[in-house]
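Notes follow the structure.
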Amino acid sequence: MPGLDTGNTGFMLVCTSLVMLMTPGLAFFYGGLVGRRNVLAIMIQSFVSMGWTTVIWFAVGYSLCFSGDVGGVIGNLDKAFLNGVSLNSPAPQNPSIPEFVFIAYQMMFAIITPALITGAFANRVTFKAYMVFLTAWLLFVYFPFVHMVWGGGILQRWGVLDFAGGIVVHNIAGVAALASVLYVGRRQVQDPGPHSIPLVALGTGLLWFGWYGFNAGSELRVDATTAVAFLNTDVAASFAAIAWLFTAWRLEKRPSFLGLLTGAVAGLATITPAAGFVSPTSAAIIGIVSGVVCYGAVALKNRLHWDDALDVWGVHGVGGFLGIVMLGVLATTAFNPNGTDGLIAGNPSFFAKEVAAVLLSSGWAFGFTFGMLWLIDRVTPVHVTPGAEELGLDQALHHEEAYLGSS
């Protein structure tokens, strides 16, 4: 194709592979956090998204996100089933790479985003209801925000920035998780998890590794901003992990490995929208703030007795919200000439736009998710039976065991 840059294309293929690896990483992360009788039930919810979301993305998802515009909210169906995409089609946001690469890269984001939500309602949602939920949530929450923020929709035209998914991925998934928790209700059988912190550590390592493709790859080319985003990803994750570790150590009187791992993920979620728009010093500040604030959000959740099983709201919902707000404060064109300046650099209007956008995304994600679950419950039960909870969902729903004799 004319204008093809093999370096950019090769880089984006690697980044696509890295983001793909994050979904199995998430499955391991969540799998280790639950009890032995529910490992497969939580892991299949991530892995099935790799299959089913790909089907939806191929059929209508890519087109609804990146083709045309209807009211600034959603795309059209001109590219449904990849109609009109050929070997010579350039990516809409970077003509130096093939559109096929862009389609694959964005598909990996679509796969992992709804899978993030599953940690909130672990051990208590039927698989049939989850499949309906996965489909509806992509269509009515994820695809509209991809279009609005990245696909030429109203928020992008307004000047809202989100480098790699603070709104589009983490905030809407985390707030949807909270809506799910409040609708589905508490587990009736106490889960003894986490059953395997080493499994959580493996998942964290895969997520952290994949996040370089998630954030640095969102520049869609290899340049200095790509390098800054790559470094900022690691800096924020590391500072957040240590901030969470020391905060928990002070308050709980012990250094927790699980806390260290959770803090790293919180830092990764929080830096995501800002990775390519801020300096490494700002990334360190974002990491410290996210480690402390997300720890506080989880503590608040516990005091309010919300049964967010794996702290999706506290880590991703609050992290994504915080990242967008801090982007509005700390953004600087000194580290991305194609970005903008934030509040500290003398641009309060950009800060106001970021705050307004993340408030909109939070309200939309909460309302649509809660309403969606109510409608799904009218068709098929969302909450599993008490007997299924007692037996464990691996056996009750899938008739399989992660470990011999785990039932």
In degrees, nearest 10, the alpha-carbon axis of helix 197-216 is tilted away from the dominant principal axis of the alpha carbons of the chain by 10
Here D for the stretch 1-122, in µm²/s, from Stokes-Einstein with a Kirkwood Rh over Cα pairs at 10 °C and 1.306 mPa s, works out to 101
Please compute the volume of the convex hull spanned by the alpha-carbon atoms of the stretch 345-407 and report it per residue in Å³. 146
With every protein chain in place, the accessible area of residue 288 for a 1.4 Å probe, in Å² rounded to the nearest 10, comes to 80
Keeping all protein chains in position, work out how much accessible area residue 258 exposes to a 1.4 Å probe, and write it in Å² to the nearest 10. 40
Those lysines that a straight Cα-Cα span of less than 24 Å connects to residue 253, excepting residues fewer than 8 apart in one chain: 301
Treat the stretch 219-345 as a sphere of radius equal to its Kirkwood radius over Cα pairs and apply Stokes-Einstein at 4 °C in a medium of 1.567 mPa s; give the translational diffusion coefficient in µm²/s, rounded to a whole number. 89
Starting from the Cα gyration tensor of the stretch 1-40, multiply each eigenvalue by 5, take the square root, and state the resulting semi-axes largest first in whole Å. 37, 7, 4
Given 4 °C and 1.567 mPa s, how large is the Stokes-Einstein diffusion coefficient of the stretch 260-407 in µm²/s, with Rh as the Kirkwood radius over Cα pairs? 72
Which values, in whole Å and largest first, are the semi-axes of the equivalent ellipsoid of the stretch 30-97 obtained as the square root of 5 times each eigenvalue of the Cα gyration tensor? 34, 14, 11
The alpha-carbon pair-distance distribution computed for the stretch 135-174, with 5 angstrom bins and whole-percent values, is 6, 27, 32, 24, 9, 2
Would you compute, from DSSP H runs of 4+ residues alone, the mean residue ellipticity of the chain at 222 nm, taking -39500 (n - 2.57) per run and dividing by the full residue count, rounded to the nearest 500? -20500 deg cm²/dmol
Which whole-number percent gives the relative contact order of the chain, counting Cα pairs below 8 Å spaced six or more residues apart? 24
I want to verify a result. In a Gaussian network model of the chain, Cα cutoff 10 Å, which of these has the top mean-square fluctuation: 392, 32, 296? 296
Probe 1.4 Å, all protein chains present, accessible-area order of 313, 52, 57, largest first: 52, 313, 57
Step through the residues of the stretch 50-55 one at a time and calculate ³J(HN,Hα) from phi using the Karplus curve (6.51 cos²θ - 1.76 cosθ + 1.60, θ = phi - 60°), rounding each to whole Hz and writing x for Gly and Pro. 4, x, 6, 5, 4, 4
Hey, any idea what Rg/Rh is for the stretch 105-162, computing Rh the Kirkwood way over Cα pairs? 1.07
Cross-link candidates for residue 79: which aspartates and glutamates have Cα within less than 18 Å, leaving aside residues fewer than 8 places away along the same chain? 69, 99
Here the relative contact order (percent) of the stretch 1-147, from C-alpha pairs under 8 Å and at least 6 apart, is 32
Accessible area of residue 128 in the full protein assembly, 1.4 Å probe (Å², nearest 10): 140
Between the stretch 91-114 and the stretch 1-67, the alpha-carbon center distance in angstrom: 11
Within the set of other residues whose C-beta is less than 12 Å from the C-beta of residue 89, count the net charge using Lys and Arg as +1 and Asp and Glu as -1. 0
Report ³J(HN,Hα) in whole Hz for each residue of the stretch 65-74, in order, from the Karplus equation J = 6.51 cos²θ - 1.76 cosθ + 1.60 where θ = phi - 60°; Gly and Pro get x. 8, 10, 10, x, 7, 10, x, x, 10, 8
For residue 125, residues with placed amide H under 5 Å, excluding near neighbours: 384
Which whole-Hz couplings ³J(HN,Hα) result when phi for each residue of the stretch 289-297 is put into the Karplus expression 6.51 cos²θ - 1.76 cosθ + 1.60, θ = phi - 60°, listed in order with x for Gly and Pro? 4, 5, x, 6, 5, 5, 4, x, 5
Rounded to two decimals, the Debye log10 I(q)/I(0) of the stretch 145-221 (Cα scatterers, no solvent) at q = 0.19 Å⁻¹ is -0.99
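The values are calculated or read from the model by the stated rules, or taken from the named source; none is laboratory data. Since we're looking at a predicted model, the values are computed, not measured. A quick note on method: Cβ atoms are made from the backbone with ideal geometry, for glycine too, and the neighbour counts reach across all protein chains shown. Remember, those area values only see protein heavy atoms, side chains included, never the ligands or the DNA or RNA. Shrake-Rupley method; radii C 1.70, N 1.55, O 1.52, S 1.80 Å.
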